[in-house]
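The values are calculated or read from the model by the stated rules, or taken from the named source; none is laboratory data. What you see is a predicted model, and the numbers here were worked out from it, not measured in a lab. Cβ atoms come from the backbone with ideal geometry, glycine included; neighbour counts cover every protein chain shown. The accessibility values were calculated without ligands, DNA or RNA, using every heavy atom of the protein model including side chains. Shrake-Rupley method; radii C 1.70, N 1.55, O 1.52, S 1.80 Å.
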Amino acid sequence: MKTQMLTVRQAAQKIRDGGPSGMPLVIAGSEEALRALPCGNWIGGTACYFLTEEGGICDSARVMVTEIPSATDSLIRHVPAAELPSLTSGRFGNGMSFVLIPAFSTAHQRFAIDGPGYEGLFDQPLMGWVTGRLLEAEPAVLPLVIDGTTGRAHADGALIMHLALPPDRMARIDIVTLFDQDADPARSFTFTETGFSARTALVGGQEVDLATYLTEQGIDTRLPLVADYAGALVNVSFREVSAESGVSFYAPVMAGVEYRLARPLALPYPEEFARQCSGDGGSQLACNCILNYVHGGLEGRSTGSFTGPATFGEIAYMLLNQTMVRLEVVAAEGERVA
Amino acid sequence: MNIPSLYDPCWTVALLDSWRLEGCSLGTRMLVARLRVQVRNVPASMPEAVALLHGYFNTNPAVRDDLPDVIRRAA
């Protein structure tokens, strides 16, 4: 896979060169830039922040284009929020899928909460991201997904691209979070209900008013809650802490899952990233979280060859926060997590 | 490695325990973790969870290498 920042004119040429059944493309950019592209075999999502090899940038004029040359076939469809349980239907026998979902939409909420229970969700690699907008944009500016085959934009639902791979290739998906769990069991958090907000939590087994607890303890809510999913660390980021309305999150907390606070990073994000993230990102499709971009001070600073949009939520089978997701296509027998 | 039958107790053990699956693919780790939470919250859902996990390995040759890690303590 190859990811590049291109002008709209360059991206349009690439789409035209491929034709309607050309090499599948995943494109991130501003609404204006995406709407200026011709129809073709691509899906797009609104994003204005990008991690490039030269450093993080905010760019509404250019688009970030990822080519997927190893795909032998593709199927693009828009899935309305009410039909999300059928998200995986139409997959190829050997393949992977890429999904885009607009932030703050019904589909965003439904996928985040119900997605892990969709039939066959974990059977093939599913990667994607939640589309966004400028951080200072008015709430009326809606994040979008755009179906390149028709040019239609959607502010809700999921846009999915199923991709077929040749028999000797397979997709490998992985996540990189720089945050470890705090070791203190007295500061474990569990929730009785699944949702994007909570008024109370059990902290070390004691029920507390969560907003009050976070405030009184001076918890740095730029750091996420971290759950251990059988060895995969899954972050949920704090969105707002309010004495009146409770605590909201950028992904749902799940009932029955134990969360710990994240330990602060020992080094600034770019240095910690370089220390923990090895390999060549140049052949991978990746996205990273807008909160890492903001809190990690990534504007103008590089995460090496791991490039991609800075997104309002990352998807590796399920919705994640403050995480880099990466996908690569490897030889079939090499399918093991590094 | 052959896939144990649906009725082999190894599946139940894998879902009742909490060992980490460091070497497994991301999808396997997430699925097992989700099913463990499910059966902890609703113990009666164990048969459904076992069927899902068994079906996952039965239909996905790509993740067969994960199987020994998932059922190792029950072996």
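Data overview
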quantity: Residue match in region A:6-22 (condition: open to solvent by 20 Å² or more (accessible area, probe 1.4 Å), farther than 23 Å from A:Leu142 by Cβ and β-branched (Val, Ile, Thr)); calculated: yes
quantity: Matching option when the condition is farther than 19 Å from A:Tyr229 by Cα and at pLDDT 95 or above, among B:Gly55, B:Gly27; calculated: B:Gly55
quantity: Sole residue being open to solvent by 30 Å² or more (accessible area, probe 1.4 Å), not assigned by TED's automatic domain parsing to the domain that holds A:Asn235 and not in a helix (DSSP H, G or I), chosen from A:Val130, A:Val141; calculated: A:Val141
quantity: Search result, residues across region A:53-73 that are open to solvent by less than 30 Å² (accessible area, probe 1.4 Å) and of a type in the set (A, V, I, L, M, F, W, C); calculated: A:Val63, A:Met64, A:Val65, A:Ile68, A:Ala71
quantity: Residues (more than 17 Å from A:Ala28 (Cα to Cα) and in contact (Cβ under 8 Å) with a residue 40 or more places away in the chain) located in region A:123-149; calculated: A:Gln124, A:Pro125, A:Leu126
quantity: Criterion (open to solvent by 30 Å² or more (accessible area, probe 1.4 Å) and at the interface with chain A (Cβ under 10 Å from one of its Cβ atoms)) met by exactly one of B:Arg40, B:Arg36; calculated: B:Arg40
quantity: Residue in region A:11-20 that is modelled with pLDDT of 95 or more, polar (S, T, N, Q), farther than 19 Å from A:Tyr317 by Cα and over 19 Å from the mean Cα position of the chain (by Cα) present; calculated: yes
quantity: Residues that are open to solvent by 80 Å² or more (accessible area, probe 1.4 Å) and more than 10 Å from chain A (Cβ to nearest Cβ), drawn from region B:6-33; calculated: B:Tyr7, B:Pro9, B:Leu16
quantity: Residue ID - nearest to the chain's Cα centre (by Cα), chosen from residues in region A:76-109 that are in a helix (DSSP H, G or I) and within 21 Å of A:Ile27 (Cβ to Cβ); calculated: A:His108
quantity: The listed residue being open to solvent by 10 Å² or more (accessible area, probe 1.4 Å), within 25 Å of A:Ile315 (Cβ to Cβ) and either away from chain B (no Cβ under 13 Å) or at pLDDT below 95 (or both), out of A:Tyr250, A:Tyr229; calculated: A:Tyr250
quantity: One residue from A:Thr149, A:Thr194 being more than 18 Å from the chain's Cα centre (by Cα), of a type outside the set (Gly, Ala, Ser), at negative phi and within 14 Å of chain B (Cβ to nearest Cβ); calculated: A:Thr194
quantity: Residue satisfying condition, being small (Gly, Ala, Ser) and within 14 Å of chain B (Cβ to nearest Cβ), within set A:Gly157, A:Gly95, A:Gly132, A:Gly90; calculated: A:Gly95
quantity: Selected residue [open to solvent by less than 50 Å² (accessible area, probe 1.4 Å), of a type in the set (A, V, I, L, M, F, W, C), at pLDDT 95 or above and within 20 Å of A:Arg133 (Cα to Cα)] from A:Phe122, A:Phe50; calculated: A:Phe50
quantity: Search result, residues across region A:168-182 that are closer than 11 Å to A:Val330 by Cα and open to solvent by 30 Å² or more (accessible area, probe 1.4 Å); calculated: A:Asp168, A:Arg169, A:Arg172
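A quick yes/no check of all residues on (1) in contact with a helix residue (DSSP H, G or I) (Cβ under 8 Å, 6 or more places away or on another chain); (2) without any contact (Cβ under 8 Å) to a residue 12 or more places away in the chain:
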site	(1), (2)
A:Pro185	no, no
A:Gln217	no, yes
A:Thr221	yes, no
A:Leu225	no, no
A:Leu233	no, no
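Results for (1) under 23 Å from A:Leu159 (Cβ atoms); (2) crowded, with 24+ Cβ neighbours inside 10 Å; (3) β-branched (Val, Ile, Thr), shown as yes or no for each residue.
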{"residue": "A:Glu240", "(1), (2), (3)": "no, no, no"}
{"residue": "A:Ala255", "(1), (2), (3)": "no, no, no"}
{"residue": "A:Asn288", "(1), (2), (3)": "yes, yes, no"}
{"residue": "A:Gly304", "(1), (2), (3)": "no, no, no"}
{"residue": "A:Leu319", "(1), (2), (3)": "yes, yes, no"}
{"residue": "A:Val330", "(1), (2), (3)": "no, no, yes"}
